[in-house]
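Encoded as structure tokens, the structure appears first; notes follow it.
The values are calculated or read from the model by the stated rules, or taken from the named source; none is laboratory data. Just so we're clear, the structure is a prediction, and the values are computed from it rather than from any experiment. When we count neighbours, we look across all protein chains shown, and the Cβ atoms used for this are built from the backbone with ideal geometry, even at glycine.
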Amino acid sequence: MPTTLKRPGAVLDIPLPLDRAAGGQALQVHAGLRAAILDGRLAAGLRLPSTRALAQQLHVKRNAVVIAYEHLQSDGLAEARTGSGTFVAALPATARHKSTTKALSTTIKPLPGRVFALGKTYADPRLLGRLATAMRRRIMKGNDLEFSFGDPRGHPLLREQVARYLAANRGVICDPACVVIINGTQQGLRLCAQALLHPGDTVWVEDPGYPAARATLAASGLNVCPVPVDAEGLDVSQGAARAAGARAVYVTPSHQFPSGVTMSMNRRAALVAWARASNAWILEDDYDSEFRYAGPPLTALAGIGGGDRVIYLGTFSKILAPGLRLAYMVVSPDTVEAIVAARAGHDRFPPGHMAGAVAELMEDGFVAEHIRRMRRRYRIARDTVVATLRASAAGALDVVTPEQGLHLLARLPPGLPDDAATHIRKRAGVEARLLAETYAEHAPSQGFILGFSGHDLHDLTSAAGALGQAARNYCNDRG
């Protein structure tokens, strides 16, 4: 039967069966506790219940527990501390029974966070303070809206704020009822694949493109068709030639990942026309449009007349922090029910407290102010990396200053061996993602995708200098 074992500040419930075959009550209690200690279920330093409390819980005589504790002390498995109680003793590792649980054959590692890692944000103390205050206020209020089962589309206040934000900043006019709060782009893609497509359907993806999105669509049972990207973005004519019957296309038109190009208006119009003629869906990932360093904000694809065929995906990961797991999608009115039905098989509805807190910060203008401050900060980081790379590489890297986003490309000269970037990255000892890793087909060029947001300026300067010097030395050795 279960027993509650206590130590200062903690309560632990464990099953403590009593084996009648062990003998009298004292022997039964001793055998149960001894097995729990040797198996590691009761950790060293854990305070055991008082003899009276344990006797009541196990429905045995108190004297039986007293004798069992004395036996444990004689065994060296427990120790009595005057005025404090009886505690589990510290045992050498060899004294414990070997675990029968099979160990993992692989090590699961967290996503990298070293210099140049993509998607990192600055932990701004002002943001953290305001967010903590808003979270505490909402928790203390105990609102049924956030403590009970929620709307599958997410917190209504956040959906309303997202709709207002998109109208003002991205040219996307939408009803809050069509905004769905999700935990990331990958979840949004999975919901679209389940609700709007069928296993075996073909979907175009950019090449080069975002590997995680490509993997998510493939894992959803879709046939992924790579479509080349050039200076105008995804080549619609190439897509039609490769897979005319595609049912969807995944694109990053405002800031193509990883090339950074912006899809031209002609290509946008052609893509929308293709989607309407083919009754296909455009999955628009607008992942970092808030960080534009030159010129006015760009209108999203969903805001130029293609809203009936566009599913718009946005995120708070780049604005605030990826650890918040907050993103959103805008769907057409006739697809809301299908998306909600698909969500029933995933997480039913997203948590409300963080969403409500972020909505508060959007409503009072703090998020907009935070974006402006981070834009200035990230522009400085971008310029630092570009200047350092150019100076240290001395022509061995072609570095283009991006006008938008949180990463930049540094390309190697043509004609180098296919593993040149790998060797240079190893020599430099940096995190840099390889450009070749973003191609579904053979990569025509080599280079590095460097994230510059959220990293310390000194670390960025050091890493950029090391990468540039490594590229310079490699090219000199080859030449």
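Some observations on this one:
- Restricting 422, 388, 401 to those that are hydroxyl-bearing (Ser, Thr, Tyr) and part of a loop (DSSP other than H, G, I, E, B) reduces the list to 401.
Residues are listed down the side, and each one gets a yes or a no for (1) closer than 17 Å to residue 178 by Cβ; (2) out of contact with any Leu (no Cβ under 8 Å at 6 or more places or on another chain); (3) among the aromatic types (Phe, Trp, Tyr):
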position	(1), (2), (3)
263	no, no, no
288	no, no, no
320	no, no, no
323	no, yes, no
327	yes, no, no
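- The set of residues in region 36-63 being in a helix (DSSP H, G or I) and modelled with pLDDT under 90 consists of 36, 37, 38, 51, 52, 53, 54, 55, 56, 57, 58.
- Test for residue 410: is it in a helix (DSSP H, G or I), in contact with a Gly (Cβ under 8 Å, 6 or more places away or on another chain), hydrophobic (A, V, I, L, M, F, W, C) and surrounded by 22 or more Cβ atoms within 10 Å (Cβ to Cβ): no
- Residue satisfying condition, being assigned to a helix (DSSP H, G or I), small (Gly, Ala, Ser), in contact with a His (Cβ under 8 Å, 6 or more places away or on another chain) and closer than 20 Å to residue 448 by Cβ, within set 355, 359, 381: 381
- Filtered residues of region 322-364 (kept if touching a residue at least 12 places away in the same chain (Cβ under 8 Å), surrounded by fewer than 18 Cβ atoms within 10 Å (Cβ to Cβ) and acidic (Asp, Glu)): 347, 363
- Test: residue in region 457-473 that is part of a loop (DSSP other than H, G, I, E, B), surrounded by 15 or more Cβ atoms within 10 Å (Cβ to Cβ) and in contact with a helix residue (DSSP H, G or I) (Cβ under 8 Å, 6 or more places away or on another chain): no
- Number of positions in region 374-415 that are modelled with pLDDT under 95 and among the acidic types (Asp, Glu): 1
- Top-ranked residue in region 215-259 [being touching a residue at least 60 places away in the same chain (Cβ under 8 Å) and assigned to a strand (DSSP E or B); ranked as farthest from residue 440 (Cα to Cα)]: 250
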